[in-house]
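The values are calculated or read from the model by the stated rules, or taken from the named source; none is laboratory data. All of these numbers come straight from a predicted model, not from anything done at the bench. Ideal geometry is used to build each Cβ from the backbone, glycine not excepted, and the neighbour counts take in all protein chains shown. Heavy atoms of the whole protein, side chains included, go into the accessibility calculation; ligands, DNA and RNA do not. Shrake-Rupley method; radii C 1.70, N 1.55, O 1.52, S 1.80 Å.
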Amino acid sequence: SSGNVTFDPGFANTAACTSSITYIDGDKGILRYRGYPIEQLAEQSTFLETAYLVIYGELPTAAQLADFEDRIRRKTMIDEAMRNLFHSFPRRSHPMPVLAAGIIALSTFSGDSLGDSPAAIEKATDRLIAKVPTLAAFGYKNSRGEPTLYPDNSLSYIQNFERMSFGYPTEPYHFEPQITRALEVLLILHADHEQNCSTSTVRLVGSSGANIYASVAAGVNALSGPLHGGANQAVLEMLEQIKASGISVKEYIQQVKDRKAGIKLMGFGHRIYKNYDPRASIIKKHADEVLKLKEGRRDLLEIAQELEQTALADDYFTERKLYPNVDFYSGLIYEAMGFPKEMFTVLFAIGRLPGWIAQWREMRSNPKNKIGRPRQIYVGNPERAFVPIDERR
Ligand code: SDX
């Protein structure tokens with residue numbers, strides 16, 4: 001209820017739209033893309049194969065996947081004039097507004113992919129999937145004052161992004177297969193998640209007839225909030241703050257329970273999962289592996305594991321159905337890979353991109369199936385007459 005108004009229970013359950021892309025059962029901790037369980041896709045699929053599934057609805061045949069990979073491979077470069085865009089941002093800019101600006105800039109270099117024809121939507125789909133990792137890597141390199149690297153078409157999609165982010169023109173880049181695979185699994189796990197805040201934003205903006213670039217850029221901005229995609233960065237900041245303050249995990253948990261200064265256990269809780277987020281379990285396994293391989297912050301991993309154990313043994317959290325979500329361990333893996341925490345939500349955006357595209361296309365293919373124009377329940381003043389300023393008190 002809000003103030004003196006009590007919502008009809010049905011109001012709260014009004015679905016925003018119908019969709020055939022992702023199924024979630026929050027109580028059972030089930031997540032499926034087009035009917036395929038996330039656990040099997042994380043284990044057996046690649047990110048581009050999962051992106052194809054999410055966007056087109058079916059697992060591709062070998063020929064379809066080869067064609068899709070080739071289309072993407074041929075579009076990873078960005079217009080040379082876009083390099084100036086990155087140079088116009090201060091180096092210390094947060095990479096999320098830089099990414100959103102880069103995607104909007106793509107729409108001005110998009111030629112015939114702005115329209116609503118099937119051909120234009122196909123072309124824009126390929127361009128976004130192909131160029132967003134390049135935009136992200138270029139933005140990251142620019143923030144470090146380092147030279148950007150062109151994509152290398154002999155590499156896989158994930159390897160290309162890794163090399164553009166961490167490589168140098170002066171030497172070959174050394175890949176570690178387990179690290180590349182962990183990054184690919186993380187992106188697969190983020191590919192879609194039904195009507196979350198950023199996806200609903202993409203559908204809502206697209207429902208006005210705005211093009212897919214404008215809609216996806218709006219999704220990037222929605223994702224940047226610390227209660228949504230920004231949580232992975234907030235989790236690492238929380239762990240670093242616990243470490244630096246020297247307080248015990250028990251003391252921090254007590255501060256959360258006492259609601260001290262509005263602090264939350266970041267990476268815990270979910271609007272739908274009132275049980276374990278199935279993605280968190282998979283990510284936790286990879287966190288262990290990656291942190292054994294890289295000089296990752298095992299000290300922060302240990303704090304995270306102690307936080308999880310302490311919270312899950314405490315009624316305050318279990319009564320409120322607060323369990324680790326997708327963001328609780330993902331930041332530790334990204335940090336161990338070498339990404340600064342400001343880049344974590346950009347990685348979330350790269351993973352979520354196929355879902356945003358698929359949901360936008362689904363909404364546009366059936367204009368009646370849209371979030372459209374939400375209504376409200378008015379709780380303000382009843383009608384009243386205007387008061388001239390000299391009579392106001
Ligand atoms: C993502 O929607 C999606 O699918 C999103 C996402 C995706 O893939 O797109 O899964 C990605 O956004 C994951 C969530 C990342 N955010 C965080 O980790 C931030 C911390 N979590 C919360 O802010 C919160 O849990 C939400 C916003 C995620 C969910 O909030 P809910 O379900 O609406 O719950 P609520 O805010 O109504 O809180 C219910 C109770 C409250 O206590 P009471 O006032 O009832 O006593 O739980 C408490 C809250 O104070 N609570 C927390 C808490 N989250 C909720 N207390 C401490 N720590 C937390 N993290």
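At a glance:
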{"read-out": "Members of the range 267-284 found to be touching a helix residue (DSSP H, G or I) at 6+ places or on another chain (Cβ under 6 Å), open to solvent by 10 Å² or more (accessible area, probe 1.4 Å) and without any contact (Cβ under 8 Å) to a residue 60 or more places away in the chain, listed by number", "value": "K284"}
{"read-out": "Filter result (within 8 Å of the ligand (Cβ to nearest atom), assigned to a helix (DSSP H, G or I) and open to solvent by 10 Å² or more (accessible area, probe 1.4 Å)) within the range 192-217", "value": "C197"}
{"read-out": "Single residue of L155, L183 found to be among the aliphatic types (A, V, I, L, M) and open to solvent by 10 Å² or more (accessible area, probe 1.4 Å)", "value": "L155"}
{"read-out": "Residues satisfying the stated conditions in the range 29-52, i.e. under 14 Å from V185 (Cα atoms), of a type outside the set (S, T, N, Q) and either touching a His at 6+ places or on another chain (Cβ under 9 Å) or assigned to a helix (DSSP H, G or I) (or both)", "value": "I38, E39, L41, A42, E43, F47, L48, E49, A51"}
{"read-out": "Matching residues in the range 171-213 - criterion: being hydroxyl-bearing (S, T, Y) and closer than 20 Å to G26 by Cβ", "value": "S198, T199, S200"}
{"read-out": "Count of the range 84-100 residues which are without any contact (Cβ under 8 Å) to a residue 40 or more places away in the chain and buried (at least 17 other Cβ atoms within 10 Å of the Cβ)", "value": "1"}
{"read-out": "Test for A182: is it under 26 Å from E289 (Cβ atoms), aliphatic (A, V, I, L, M) and under 23 Å from the mean Cα position of the chain (by Cα)", "value": "yes"}
{"read-out": "The range 231-266 - residue that is within 13 Å of F344 (Cα to Cα) and open to solvent by less than 10 Å² (accessible area, probe 1.4 Å) and, of those, farthest from the ligand (Cβ to nearest atom)", "value": "L236"}
{"read-out": "Search result, residues across the range 299-317 that are farther than 25 Å from I188 by Cβ, more than 11 Å from the ligand (Cβ to nearest atom) and free of Cβ contacts under 8 Å to residues at least 60 places away in the same chain", "value": "D299, E302, E306, Q309, L312, A313, D315"}
{"read-out": "Within the range 35-63, considering residues that are in contact with a Leu (Cβ under 8 Å, 6 or more places away or on another chain) and open to solvent by 60 Å² or more (accessible area, probe 1.4 Å), the one farthest from I283 (Cα to Cα)", "value": "L59"}
{"read-out": "Residues of the range 267-280 satisfying the condition of being more than 10 Å from the ligand (Cβ to nearest atom) and not in a loop (DSSP other than H, G, I, E, B)", "value": "P278"}
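To keep it simple, each residue is scored yes or no on (1) out of contact with any strand residue (DSSP E or B) (no Cβ under 9 Å at 6 or more places or on another chain); (2) open to solvent by less than 20 Å² (accessible area, probe 1.4 Å); (3) outside any loop (DSSP other than H, G, I, E, B); (4) at positive phi.
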| residue | (1), (2), (3), (4) |
| --- | --- |
| H286 | yes, no, yes, no |
| L291 | yes, yes, yes, no |
| E295 | yes, no, no, no |
| L300 | yes, yes, yes, no |
| L307 | no, yes, yes, no |
| T310 | yes, no, yes, no |
| K321 | yes, no, no, yes |
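Okay, residues lined up against (1) touching a helix residue (DSSP H, G or I) at 6+ places or on another chain (Cβ under 8 Å); (2) in a helix (DSSP H, G or I); (3) open to solvent by 10 Å² or more (accessible area, probe 1.4 Å):
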| site | (1), (2), (3) |
| --- | --- |
| L332 | yes, yes, no |
| E335 | yes, yes, yes |
| A358 | yes, yes, no |
| R361 | yes, yes, yes |
| D390 | no, yes, yes |
